[in-house]
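Everything below concerns the one structure shown next.
The values are calculated or read from the model by the stated rules, or taken from the named source; none is laboratory data. Quick caveat, the model's predicted, so the values are computed rather than measured. Cβ: placed from backbone, ideal geometry, glycine included. Neighbour counts: every protein chain shown.
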Amino acid sequence: MQMSTRLAVVYDRGAVSPAEISSGLRGLGEVVFLCPETDHNRDLLPLLREMGQVIRLSSDRGEAVRQVAGASPDAILTFSERALPITSALGTGLGLPVNSEESVRRLTDKFLQRSALRDAGVDSVECAAVSSVDEWWRLPAGLVFPVVVKPSRGAGSRNVHVVADERAGEELVARLLAPVRTGGAGETRLVVEELLTGRDCAPFGDYVSVESLVCDGVVSHIAITGKLPLSRPFREVGQFWPSTLSERDGEPVLRLAAAAVRALGMRTGLVHTEVKLCAEGPRVIEVNGRLGGWINDLSTRAAGLNLVELAGRVALGERARVDPVAPDRVYFKCNNLPPLRPCRFEGVDGVDQVRRIPGLTGYRPLVRPGAVLDGSAVDTYELDVITGDAADHRDMLGIIDAVSESLTFVCTIDGRQARFRGPELAAL
């Protein structure tokens, strides 16, 4: 007879680490890690086994359901974008509360998502799906250059590009769709969509994200997350609570996010909706049916709210609602990014000085000296993570500037070793 509650977490690279999952859920019951066969999971198997039971999932869906049924879980959830489909399939097979497979298809396929939002009258961004170079030359007349080209499925801004004209797009589409063995990116389908132009929000980013909880189809908002300006082409640099939006400017953003979640049929779990702040009003960038990256760090520091635990409670059937978070200080997280060129990362100087900056609460390197960074995958992975809090947004920017002035990154590029400030390195 099972003596304790069990939460099955479908694990893969995602928004939170195994340690965050373990600490967030341990008060609710025993954690069972369900691991699809991926390179990331194979590397982390020893660590995961230290934290709980591990089930290496079969690639056969029926067999995977039988594997998980043997663990008798009371709930199933994930914090990984790529694990959303298998989580839905397993939960459906086990009779546990999950989002439907149709809803998950809309959440994870960017073309289906745009179509669903348009059909529901929520937001109408001109777009097309492209699976071949021939289809590139048959784009709808309503798509006006410049356009955005990105994989139909993916996360972390992987292989997202702005294309200025048809010829440049033809070359890019051919490369993205070509097999990896021939030097291509191995994508199978792309989405081409209009480039949303944000209003001038400098020195902050022209977009925000909305962090929400869905329980039995009811959407409640946790916070609007402010952003720092993107690094090219679409890489996130930093985020903070609260955003700089006034209550008046924030209301239409929240209404849009809630309408988008409902249009996609999401019934349960955390959701991260990115919104562009355009002159004509807010527009949906994309809806992600899971916790946003590094958002749990912000929520625990700014409000003492562990979103991993909250997700676990909802997965167990608790009818939870949350009130919007209103911190009395500005809590932030930012990163330095690698160049979009191949390089060898030699190290970083100035860390001791950075850790003495008032308002900074943490600096953690994420890449070891000697690591070779290929620069080919347009993906938001970070060299470090910087956390802190400030009295207001102006003070936050001052702290971030002080960090940039204090750190020097050493890299070997094209056979030549050189030293860079963080923004200089990301711009290469």
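Remarks
- The single condition from (1) surrounded by fewer than 15 Cβ atoms within 10 Å (Cβ to Cβ); (2) touching a Pro at 6+ places or on another chain (Cβ under 8 Å); (3) within 26 Å of S124 (Cβ to Cβ) that G142 fails is (2).
- Every residue from segment 120-166 that is of a type outside the set (A, V, I, L, M, F, W, C), in contact (Cβ under 8 Å) with a residue 24 or more places away in the chain, under 11 Å from R189 (Cα atoms) and not in a loop (DSSP other than H, G, I, E, B): K150, P151
- If you go through segment 298-317 and keep only what is touching a residue at least 40 places away in the same chain (Cβ under 8 Å), assigned to a helix (DSSP H, G or I), over 18 Å from L94 (Cβ atoms) and within 20 Å of the chain's Cα centre (by Cα), you end up with L298, S299, R301, A302, L307, V308, E309, L310.
- Subset of segment 261-297 (residues that are small (G, A, S) and farther than 23 Å from R158 by Cα): A263, G265, G269, A279, G281
Per-residue answers, yes or no, for (1) among the aliphatic types (A, V, I, L, M); (2) closer than 17 Å to H221 by Cα; (3) touching an Asp or Glu at 6+ places or on another chain (Cβ under 9 Å):
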site: T268; (1), (2), (3): no, yes, yes
site: L277; (1), (2), (3): yes, no, yes
site: E286; (1), (2), (3): no, yes, yes
site: A302; (1), (2), (3): yes, yes, yes
site: L307; (1), (2), (3): yes, yes, yes
site: G317; (1), (2), (3): no, no, yes
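- Single match in V351, V372, V367 (criterion: β-branched (V, I, T), in contact with a strand residue (DSSP E or B) (Cβ under 7 Å, 6 or more places away or on another chain), modelled with pLDDT under 95 and surrounded by fewer than 17 Cβ atoms within 10 Å (Cβ to Cβ)): V372
- Filtered residues of segment 323-374 (kept if part of a loop (DSSP other than H, G, I, E, B) and among the charged types (D, E, K, R)): D323, D328, R329, R341, R355, R356, R368, D374
- Hits in segment 274-286 (condition: part of a strand (DSSP E or B) and either of a type in the set (G, A, S) or within 10 Å of the chain's Cα centre (by Cα) (or both)): E274, G281
- Qualifying residue in segment 216-230 (condition: touching a residue at least 24 places away in the same chain (Cβ under 8 Å) and closer than 30 Å to A178 by Cβ): yes
- For segment 91-119, the tally of residues that are in contact (Cβ under 8 Å) with a residue 60 or more places away in the chain, hydrophobic (A, V, I, L, M, F, W, C) and within 23 Å of R255 (Cα to Cα) stands at 5.
- If you go through segment 399-417 and keep only what is surrounded by 15 or more Cβ atoms within 10 Å (Cβ to Cβ) and modelled with pLDDT of 95 or more, you end up with I399, I400, A402, V403, S404, S406, L407, T408, F409, V410, C411.
- Only residues that are without any contact (Cβ under 8 Å) to a residue 12 or more places away in the chain and not polar (S, T, N, Q) were counted in segment 174-192, giving 8.
- Whichever residue in segment 329-343 is modelled with pLDDT of 95 or more and either under 30 Å from A8 (Cβ atoms) or among the charged types (D, E, K, R) (or both) and, among such residues, is surrounded by the most Cβ atoms within 10 Å (Cβ to Cβ): K333
- Residues of segment 169-226 satisfying the condition of being part of a loop (DSSP other than H, G, I, E, B), touching a Gly at 6+ places or on another chain (Cβ under 7 Å) and not small (G, A, S): P179, F204, D206
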